[in-house]
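First the structure, in the form of structure tokens, and then the observations on it.
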Amino acid sequence: MRAILGAAMAFAVTLNMTAGAAIAEEQSVVVVELFTSQGCSSCPPADDLLSEMAKHDNLLPLAFHVDYWDYIGWKDTFARPEFTDRQEGYRLAARARYKYTPQIVVGGVSHAVGNRPMEVFDALDKHRALMGQVMLSVVGGTELRAQTVTHKTPPTPMVALLVQFKPMEVVKITRGENAGKEIGYANIVTNLTAIGSWDGQGEFAVKLPDLGSDAAAVVLQSMTAEGYPGPVQAALRLK
């Protein structure tokens, strides 16, 4: 496992070197979404992998805890039904037969089993070619701006999502498949809020709401014609 995680770190360095000329404060990060559950015995290795990824500034790993395993004996303390809905949207967009945990979605398009590190790294590698069409920036600490930086037009419409998350929590689980374990969870999403939409024309600007006490980032994501989440065009850490 240590050798595999070492490969992940090497990827992170390579990605940082190929991310383009944007200044550090405005460099887009790669969004890695893990759909996980405290009641899933297969999930702890994926949770650990996400924790390792959280150490790298050019990745934005996010843990979305789902609620559909709550019935088997342990109610996930971070789960929200809207996170289950988000995963269902990815399932429908991919025309997959079912959703599962642990699942990782890279950049809104590349899917991998979250406890299979090499699958995850392959998904990260494939996503590099999709980066760099849109640049995000924050002006004056209060206004989010987006603009295209290539001749290609990103898939539209796009929605700007404010993501708030807790960097780390440890949970003692007393029932269910993980009974008796204390598990650390990284970048636990607490809130996902749409703050604006953009058709890809001209420059997009929107005032940022109060960020609250949690860590925060903004994700600019295209939506499919059916309204399901699609490719992530850019993402930026706010704090």
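Structure above, values below:
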| quantity | calculated |
| --- | --- |
| Leading residue by the ranking (modelled with the highest pLDDT) among those in the range 145-157 that are in a loop (DSSP other than H, G, I, E, B) and among the polar types (S, T, N, Q) | THR156 |
| Selection within the range 66-94 - in contact with a helix residue (DSSP H, G or I) (Cβ under 7 Å, 6 or more places away or on another chain) and either open to solvent by 10 Å² or more (accessible area, probe 1.4 Å) or in a helix (DSSP H, G or I) (or both) | ASP67, TYR68, ALA79 |
| Residue that is in contact (Cβ under 8 Å) with a residue 60 or more places away in the chain, over 21 Å from GLU33 (Cα atoms), touching a Leu at 6+ places or on another chain (Cβ under 6 Å) and open to solvent by less than 20 Å² (accessible area, probe 1.4 Å), where the choices are LEU144, LEU136 | LEU144 |
| Conditions (1) under 22 Å from PHE83 (Cα atoms); (2) in contact (Cβ under 8 Å) with a residue 12 or more places away in the chain; (3) not in a strand (DSSP E or B); number of the one not met by ALA160 | (3) |
| Residues within the range 50-65 that are open to solvent by less than 10 Å² (accessible area, probe 1.4 Å) and within 19 Å of LYS181 (Cα to Cα), tallied | 3 |
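The values are calculated or read from the model by the stated rules, or taken from the named source; none is laboratory data. Since the structure is predicted, the reported quantities are computational estimates derived from the model, not experimental observations. Cβ sites come from the backbone with ideal geometry, for glycine too, and all protein chains shown count toward neighbours. Just so you know, the surface numbers come from the protein's heavy atoms only, side chains and all, with ligands and any DNA or RNA stripped out. Shrake-Rupley method; radii C 1.70, N 1.55, O 1.52, S 1.80 Å.
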